[in-house]
Amino acid sequence: MADSTGRKPSLTSRLARAFKSKSSGEKLRKKSWGGPETRKPSISPTTATQTGRRSMGSAMRPDTDYYTDQIDIQTGERRDDTELLHSLAHTGSFDSLNQAFKEHVWHKDSPRGNELFSQLPQNVWEIFVSHLTLPAAASLALTCKVIQTRLGSDIFTILNQPLHREDKISFLLLLDSTLPKHLLCYQCTTYHRRTQIGHEKLKATSIPNPLYHCPLANEPTPIPLNHRLIPSHRLPFPFTQLVIRGQRYGPSYGIPADALSRRHRPSSSPWTHTLSYSINSGHLLLRSTSSAFAAPGLPPSGQRNLLYCPAEDYTPYFSVCAHWRDGLLMSLCKCALSHIPIPPPPITTQLHAGPAITLPKPAGTIVTLCSNCRPMRRCPDCPSEYLIELRFTEDRAEPVPSMRFKQAISVTRWADLGDGSTPVGREWAAINGTGEAYESFEHVGKRGISGVFEQRNGVTLPGQRMLSLNPKGERLGEEGDGWY
Ligand SMILES: [Zn+2]
Ligand SMILES: [Zn+2]
Ligand SMILES: [Zn+2]
């Protein structure tokens, strides 16, 4: 570009012009890419600056002129690269595409779907249905009146037979998302209307708490419909249904997982329990932490008295899976109890024996468990993980202030309660000791149920070895002699 004197402007003057302040009050305006302004031939650097288009790279190149570079030699128009790029994108509406689709795919003379179905010969329908499962065929029969007429009602008669109970449950579960005010009952394979919609609360086992009216509610059932948590507290299966439905379809279908969380401090036992729930990948996870103050140097009878609940057939006070009698769980608890340090006798008593005395360990001593009872353990037959700890905790019921802090044994169990679809589901059946064999070290991922649960609560568990709770693979149950 030449100025009025015919000389090319120096680099300094061009930079100064490019970045000079807008004293004239003209503001930088974003230019519309398709507006007529961009078509206006403009070769003045001042105009380019006013329209907000600056190029540091060109301004610093003394041998070329940005503005003249952008002018088409043939037409004299200024080329706009930004405009060029934007013009490649789709800018109109998609109406034309919809129009084209209607014209080419759907024609007003095309037969309607149900007319098309009614024209198919009966044997084609029979071949078609023979390739479907019973729940899929029943779902197909419900899609429209034409198909229902062609398939008949035989499918539903077959589905209602006791032989096809599992197929009926699979079919009914397909309707779950359409029935927020009902709950599928596994006693009579029927949807019952919820009687406490949105107010369902977990209560102690002794308190009647039906979620719907079922004529078979008091009948015995071959499948476990509740899972023991702690003494006098069980988790009925309908609560897992409610929590999973609420998370899957919306609040009107159930209750949040937190609504099940509880703290229990029963007066009948020395244990306190904290039960928390969480949902991960459509599965309800449980964490149950139970703790009790333990005296040092307990004899075997004292350990049993602390660990087992006589009112519940000597089941442990804390939450356990159905396989607790097999394996090491109880012996590990006893091992942990044996690590509680025994305080030395009073100094005066020690002095009777000689001048050497042992001072009591300072309060707050952390007891390290041995390599046997410290690692986390996973039940090989169900999705349950256990961690045994000794915690130095304040006993507020202790009248002597100097004795208030004591060692307490704590047993934490993490369990996967399944996806709440059916009580014969893999996880629910496994923790209750029914169903097919469950290989937990194959099914549970590397992080473990405990890792997943704690990470969802924002806690990262320290690296722990995960060992088998039953390394010898014993399956003796009550017949075994090591559990008591
Ligand atoms: Zn029922
Ligand atoms: Zn130990
Ligand atoms: Zn188990």
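The values are calculated or read from the model by the stated rules, or taken from the named source; none is laboratory data. Quantities reported herein were computed from a predicted structural model and do not represent experimental measurements. Backbone-built Cβ (ideal geometry, glycine too); neighbour counts: all protein chains shown. Ligands, DNA and RNA are stripped out before the accessible areas are found, and what is left, the full protein with its side chains, is counted by its heavy atoms. Shrake-Rupley method; radii C 1.70, N 1.55, O 1.52, S 1.80 Å.
Averaging the sequence gap over all C-alpha pairs within less than 8 Å and six or more residues apart, then dividing by the number of residues, gives the range 201-255 a relative contact order of 27 percent. Is the C-alpha gyration tensor of the range 370-484 telling us rounded, prolate or oblate? Criteria: a/c under 1.5 is rounded; beyond that, a/b larger than b/c is prolate, otherwise oblate. Here the range 370-484 falls in the prolate category. The smallest convex shape that holds all Cα atoms of the range 110-174, its convex hull, gives 84 Å³ per residue.
Against the criterion of solvent-accessible heavy-atom surface with a 1.4 angstrom probe, Leu85, Leu216, Leu235, Leu163 sort, most first, into Leu163, Leu85, Leu216, Leu235. Net charge of the neighbourhood of Cys335, taken over other residues with C-beta under 15 Å away and scored Lys/Arg +1, Asp/Glu -1, is +3.
Surface calculation, 1.4 Å probe, protein heavy atoms: Phe293 sits at approximately 70 Å² accessible.
Counting only Cβ charges, +1 for Lys and Arg and -1 for Asp and Glu, the dipole size of the range 110-174 around its Cα centre is about 160 debye.
Karplus-based coupling profile of the range 179-194, in residue order and whole Hz: 10, x, 8, 10, 9, 6, 9, 8, 5, 10, 6, 9, 7, 9, 6, 5, with θ = phi - 60° in 6.51 cos²θ - 1.76 cosθ + 1.60 and x standing for Gly or Pro. Shown in residue order for the range 214-231 are the 3J(HN,Hα) couplings computed by the Karplus curve 6.51 cos²θ - 1.76 cosθ + 1.60 at θ = phi - 60°: 10, x, 9, 4, 9, 7, x, 10, x, 9, x, 9, 8, 10, 5, 9, 9, x Hz (x for Gly and Pro). Taking every protein chain into account, the 1.4 Å probe leaves Val124 with about 60 Å² of accessible area, to the nearest ten. For the residue pairs Lys201/Lys446; Lys203/Lys446; Lys201/Lys406; Lys446/Lys472, the C-alpha atoms sit more than 32 angstrom apart in Lys201/Lys446; Lys203/Lys446; Lys201/Lys406.
Checking every one of the trypsin sites (Lys or Arg not before Pro) in the range 384-467 against DSSP loop status and a limit of 14 other Cβ atoms within 10 Å picks out Arg396, Arg404, Lys446, Arg447, Arg465. Of the residues Leu211, Leu132, ranked by 1.4 Å probe accessible area with the largest first, the sequence reads Leu132, Leu211. Only protein heavy atoms count here; under a 1.4 Å probe, Leu225 has an accessible surface of about 40 Å².
Within the accessible area of the range 110-174, the carbon and sulfur atoms contribute 62%, probe 1.4 Å, all protein chains present. Along the charge dipole of the range 110-174, Cβ charges K/R +1 and D/E -1, which of Leu173, Ala136, Thr157 sits furthest on the positive end? Farthest along the dipole direction, towards plus: Leu173.
Between the range 416-462 and the range 145-188, the alpha-carbon centres lie 29 Å apart. Let me know the shape class of the range 196-292, please: from the alpha-carbon gyration tensor, a ≥ b ≥ c as square roots of the eigenvalues, rounded when a/c is under 1.5, otherwise prolate if a/b is greater than b/c, or oblate. Verdict is oblate for the range 196-292.
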